[in-house]
Amino acid sequence: MKKGYFISFEGVDGSGKSTQIMCLKEYLEKKGFEVLLTREPGGTEIGEKIRRIILDPENMEMSAMTEAMLYAASRAQHVEEVIKPAIESGKVVICDRFVDSSIAYQGFGRGLGECVEIINRYAAGECMPDVTFLLKVKPVISGDRIRNRKLDRIEQETSEFHQAVYNGYEKLENDFPDRIIAVDAARSIDEICSDIINHVSKLIGQKKGEMTDYAF
Ligand code: ADP
Ligand code: TYD
C-alpha cells in the first residue's frame with residue numbers, strides 16, 4: 001500500500017503556485033509531516049539540465065514535439081529518481097507542475113493534442129498525483145503579476161498561447177473532477193492558502209490509517 005502522498009500544483013505562469021506551495025509546506029511541516037518540495041521541469045540533476053535547454057530564450061527554433069519530449073524526459077527521470085522513492089518512504093511530495101502542464105501547454109498551447117498524453121503515460125506511468133490544485137486566474141491578471149520578471153522562452157509566448165493553455169486547464173478540470181481541485185486564484189494569498197489547507201487536511205485525514213507515522 002502507498003505510504004506517502006503526492007500533491008501537484010498547476011496553473012498559468014504567475015498564478016501563484018510557488019507562493020501557495022510554500023504556504024502548504026509550512027503548514028504540513030508544522031503538523032509533523034515530512035515534505036519533499038520539487039518542481040518540473042527539473043527536480044533532478046539531469047532534469048535541471050533539460051530545464052535549461054527548454055527554457056533558454058535563445059532556443060526559439062525548438063519544435064513543439066521536441067519541447068514535449070524534453071518535458072517528458074525530465075519527468076521520467078524525476079519520477080524514477082525522486083518522486084516514487086519519496087512516496088514509498090512515506091513523504092508528502094509537493095510538485096510544482098506535473099503531467100497536466102504538458103497537456104495544457106504542449107497539448108493545447110502548442111496544439112499537439114492527444115500524443116502528449118501518450119508520451120506522458122510512458123514518462124509518469126502509474127505515478128499520478130493523489131490531488132492536483134489548479135490555481136485558476138485569467139492570463140491577463142497572472143501576466144500582470146510577473147510583468148517585471150525576466151521571462152523564459154515559454155513565458156514570452158503570445159497572449160493567444162496563454163489563453164489556449166488556460167482553456168486546456170479548464171478541459172482537464174472537467175475531465176478529472178476526482179483529482180483536480182480548482183481554486184479561485186484571483187483572491188488574496190491568505191484566502192487561497194486557507195482554502196488549500198482545508199482541502200489537504202480533509203484529504204490526508206482520510207488517509208490517516210495508511211500514513212501510520214503521522215497524526216493529523
Ligand atoms: P507562479 O509560481 O505560479 O509563477 P508566484 O507564486 O511566483 O507564481 O507568484 C507570481 C507573483 O504574483 C509573485 O510576485 C507573487 O508575490 C504574486 N502573487 C502570488 N499570489 C498572489 C495573489 N493571490 N494576489 C496577488 N499577487 C500574488
Ligand atoms: P515554471 O518554472 O513552473 O514557471 P513559473 O514559475 O513561471 O510558472 O515552469 C516553466 C515553464 O515551463 C512554464 O512556462 C510552464 C512550462 N511547462 C510546459 O510548457 N510543459 C510542462 O510539462 C511543464 C512542467 C512546464
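Values in this text are rule-based calculations from the coordinates and carry no lab data. This is a predicted model, so every value here is computed, not measured. Cβ placement follows ideal geometry from the backbone for every residue including glycine, while neighbour counts extend to all protein chains displayed.
Numbers for the structure displayed
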{"read-out": "Residue check, THR132 within 16 Å of ligand 1 (Cβ to nearest atom) and among the β-branched types (Val, Ile, Thr)", "value": "yes"}
{"read-out": "Filter result for the condition that a residue is without any contact (Cβ under 8 Å) to a residue 40 or more places away in the chain and exposed (fewer than 14 other Cβ atoms within 10 Å of the Cβ), over GLN163, GLN206", "value": "GLN206"}
{"read-out": "Check on ILE83, crowded, with 16+ Cβ neighbours inside 10 Å, in contact (Cβ under 8 Å) with a residue 60 or more places away in the chain, out of contact with any strand residue (DSSP E or B) (no Cβ under 7 Å at 6 or more places or on another chain) and of a type outside the set (Phe, Trp, Tyr)", "value": "no"}
{"read-out": "Residue among GLU48, GLU40, GLU34 that alone is under 30 Å from GLN163 (Cβ atoms) and either surrounded by fewer than 19 Cβ atoms within 10 Å (Cβ to Cβ) or β-branched (Val, Ile, Thr) (or both)", "value": "GLU48"}
{"read-out": "Extreme residue, farthest from GLY168 (Cα to Cα), among residues of segment 81-109 that are away from ligand 1 (no atom under 16 Å from the Cβ) and of a type in the set (Lys, Arg)", "value": "LYS91"}
{"read-out": "Unique residue being in contact with a helix residue (DSSP H, G or I) (Cβ under 7 Å, 6 or more places away or on another chain) and within 14 Å of ligand 2 (Cβ to nearest atom) when the list is LEU151, LEU134", "value": "LEU134"}
{"read-out": "Residue in segment 31-47 that is within 13 Å of the chain's Cα centre (by Cα), of a type in the set (D, E, K, R), within 13 Å of ligand 2 (Cβ to nearest atom) and within 19 Å of TYR169 (Cα to Cα) present", "value": "yes"}
{"read-out": "When residues of segment 81-115 are limited to those that are assigned to a loop (DSSP other than H, G, I, E, B) and near ligand 2 (Cβ under 10 Å from one of its atoms), the one farthest from GLN156 (Cα to Cα)", "value": "PHE98"}
{"read-out": "Every residue from segment 176-194 that is outside any loop (DSSP other than H, G, I, E, B) and charged (D, E, K, R)", "value": "ASP184, ASP190, GLU191"}
{"read-out": "Some residue of segment 65-80 being more than 16 Å from ligand 1 (Cβ to nearest atom), within 17 Å of ASP152 (Cα to Cα), in contact with a Ser or Thr (Cβ under 6 Å, 6 or more places away or on another chain) and not in a loop (DSSP other than H, G, I, E, B)", "value": "yes"}
{"read-out": "Count - residues of segment 179-205 that are out of contact with any Lys or Arg (no Cβ under 6 Å at 6 or more places or on another chain), within 16 Å of ligand 1 (Cβ to nearest atom) and small (Gly, Ala, Ser)", "value": "3"}
{"read-out": "Breaking point among (1) in contact with a Ser or Thr (Cβ under 7 Å, 6 or more places away or on another chain); (2) more than 28 Å from TYR5 (Cβ to Cβ), for ARG153", "value": "(1)"}
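Let's see how each residue does on (1) touching a Phe, Trp or Tyr at 6+ places or on another chain (Cβ under 9 Å); (2) surrounded by 14 or more Cβ atoms within 10 Å (Cβ to Cβ):
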| residue | (1), (2) |
| --- | --- |
| GLY14 | no, yes |
| LEU55 | no, yes |
| MET60 | no, no |
| TYR71 | yes, yes |
| GLU88 | no, no |
| LYS91 | yes, yes |
| ALA123 | yes, yes |
